[in-house]
Each structure stands twice: as C-alpha cells, then as structure tokens.
Amino acid sequence: MNHASPMNLPFVPADLAGQVAVITGAGGVLCSELARALAHAGMKVALLDLNLAAAEAVAARLRDEGCHAIGLAADVLERASLETAAAAVLQQLGPCSVLLNGAGGNHPKGTTTKEWLEPADLTDKTLTSFFDLDPAGIGFVFNLNFLGTLLPTQVFAQQMLTADGTARPGCSVINVSSMNAFCPLTKIPAYSAAKAAVSNFTQWLAVHFCKVGIRVNALAPGFFLTAQNHKLLFDEASGEPTARAGKILAHTPMGRFGEAAELTGTMLWLASSAASGFVNGVVVPVDGGFSAYSGV
Ligand code: NAD
C-alpha cells in the first residue's frame, strides 16, 4: 500500500500484510469486494476468473487504490488452466497463503419453474418440472460449485506447503457456501445440493489438512443485493420487492438484504490466523438471521 486505504475495513488483521491471497471468481460481485478487503489488509492479491477482462478490471482498480493486485485467466474446472495461473502467481507474487474459492453459481437448466409439483403440471409442457431437469444442467452446477472448489485447492494448497511437508504459518482456505446448504431453497435443487457439498467438503478438508497445518473454513452468505440480481429482486417500475424477494425478506429477521461489504469482516477474521487460529471446519452464516429463523 502506498497511500491511505480508501476502504473502511471493519478491522485490519496485521498478520495478513505481505502475504499472497488467491481469489477465484474475483471478477464477480461478491468476490471482487472480498478481494478488495484482502488487498487493503496489505495482501498481494491474485484475481482469477474465467472472464479475464473482469479480473483485470478489478485488479486495475485495486492498483489505482495503491494495492498490489494482478488479474489472471483461470477456469476452476480445468486443472491445467489452474496450474498455469499458479505458476504466474508464484513468479509474480510469491506462494499463496490464503485461497478464497469464490467462483460458483447456478444455471437455469438446474432449476424448476415452480416451487411445488402439482398434479396438473405433469401435462403442462410450458413448465420445467422435476422430471424435465436436464442432467447436463445439474452436472454444470455441481461441477462449478463443488469441483470448482476442490480443483483450485488441489493446486494452490501445494504452494502453502514447505519442503518438510507442513504449511507455512497462517495458511488457510476459505470456501463460499450458501444459505441453501443448510436448508434447500425451492426451485434450485442442483445449486442447493452443490453448496451442501461445498459445506461438507469444508469440514472434510479441515480434518484432512489438520496435521499439515492448513485451516479450512467457509462463508455462507445469505441474500445480497447486487447489480446483477437487482432486477430479479425489485420490480423496476414500482421499486417494490418481487414475490420471491418478498419471501426472502419475510424470512430474514433483519428485514433487509446484505451488502457485499458486510461479508468482509467475517472473511478477514477467517483469513487471519492471529484472529481465528483455532477456528477450523466451520461454515459461518452471514445472513441477517435467515438460517436461525424457522419462519414461525
Ligand atoms: P458472480 O456471478 O458475480 O461472480 C462469479 C464469478 O465467477 C464471475 O466473475 C464468473 O466469471 C466467475 N466464474 C464462473 N465460472 C467460472 C469458472 N469455471 N472458472 C473461473 N471463474 C468462473 O457471483 P457472486 O454473486 O459474486 O457470487 C460469488 C460466490 O458467492 C458464488 O460462489 C456464489 O454461489 C456465492 N453466493 C452468492 C450469493 C449472493 O447473494 N450473490 C449468496 C450466497 C452465495
């Protein structure tokens, strides 16, 4: 950092400065903000995305803000592509200490039209019912979220290990799960199950990596209002919440959507071994109370 940070971080863990963070999906809405927080905590950040232009745009903005950031093309589903990015990270920044597995998402082909299957739906060809779900769509969503978390970890966790087989102090992996991992949301069976797999894998890997000293945790964001989903959540003409947004808000005790910046404190806490060194294998909801509320 070569000038005062313009970012109002909730706290700045001192142990992150000078270390290297790799963020996948870093061209996206939430992960660009999380990457920004890591960069403003003094980390050298590598922004990986399938969309190189998006990753480079975020990196350029961070450099303008005085941070150390590079944008790299990488497909989290292609090991060779990740290996190429890993070589560039090592050469340009040094070995990765914090991996944030942010790339993920849903696909319409893994989504039913309606919340419930009703008898008349079986003959309605305009609907995508459970019986119409496309295996390719389901596979896409599973791969992107689950395999897209596992493969980057295989590649970048190796940079955390030293010659004696143990990790450098302070290394950790942070995955991105979701509310629907705790209790599936209607209409999105593939995304819900894939994020449940991410939460399950977070616990498995935390145990598996214990003896080499890499912590593994996850964020479970609730519902965040972003530029992309604004039109889905609010009627453009009236400005009122759509029916689905209304249901989300009614089930969120705090009665509002989250803002991307509200994920940063939890992420910095998980990234910092000084702050959370004995926290391992947890999936932390950041959800305005959504997962705590039964609806009654
Ligand atoms: P986003 O769509 O804005 O960003 C996702 C990024 O991942 C995009 O830049 C995209 O180019 C990239 N990407 C897609 N496929 C890729 C691949 N194969 N390899 C590398 N990069 C790829 O999404 P977002 O809303 O910022 O979500 C980020 C993460 O948070 C995702 O894992 C998402 O499932 C999760 N999440 C989001 C919300 C929310 O409310 N937005 C809630 C819970 C969880």
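The values are calculated or read from the model by the stated rules, or taken from the named source; none is laboratory data. What you see is a predicted model; the values in this text were computed from it and never measured. Don't worry about glycine lacking a Cβ; one is built from the backbone with ideal geometry, like all the others, and counts go over all protein chains shown. Just the protein is used for accessible areas: all its heavy atoms, side chains included, with ligands, DNA and RNA removed. Shrake-Rupley method; radii C 1.70, N 1.55, O 1.52, S 1.80 Å.
From the Kirkwood radius over Cα pairs of region 141-228, Stokes-Einstein at 37 °C and 0.692 mPa s returns a whole-number translational diffusion coefficient of 235 µm²/s.
For region 201-296, what percent of Cα pairs sit more than 17 Å apart? Cα-Cα pairs of region 201-296 separated by over 17 Å account for 60 percent.
What number, in percent, do you get for the relative contact order of the chain if the mean sequence gap of Cα pairs under 8 Å and at least 6 apart is divided by its residue count?
18
Only lysine pairs 8 or more places apart, or on different chains, with alpha-carbon atoms under 21 angstrom apart are counted in the chain, and they number 15. Roughly speaking, to the nearest percent, how much of the chain's 1.4 Å accessible area is carbon and sulfur? Here it works out to 60 percent. Once the Cβ-Cβ distance of Leu127 and Thr84 is raised to the sixth power relative to R0 = 51 Å, the FRET efficiency obtained is 0.75.
Note on the chain: with charges restricted to the Cβ of Lys and Arg (+1) and Asp and Glu (-1), its dipole about the Cα centre is near 500 debye.
Scaling against 2.2 N^0.38 Å puts the C-alpha radius of gyration of the chain at 1.02.
Sorted largest first by accessible area at a 1.4 angstrom probe radius, with every protein chain in place, the residues Ser192, Ser291 fall in the order Ser291, Ser192.
The residues of the chain expose on average 47 square angstrom of accessible surface per residue, using a 1.4 Å probe on protein heavy atoms. In this structure the amide hydrogen of Leu72, modeled in the peptide plane, comes within under 5 Å of the amide hydrogens of Leu47, Leu48, Asp49, none closer than 5 places in sequence on its chain. Distance distribution note for region 96-185: the fraction of Cα pairs above 17 angstrom is 63%.
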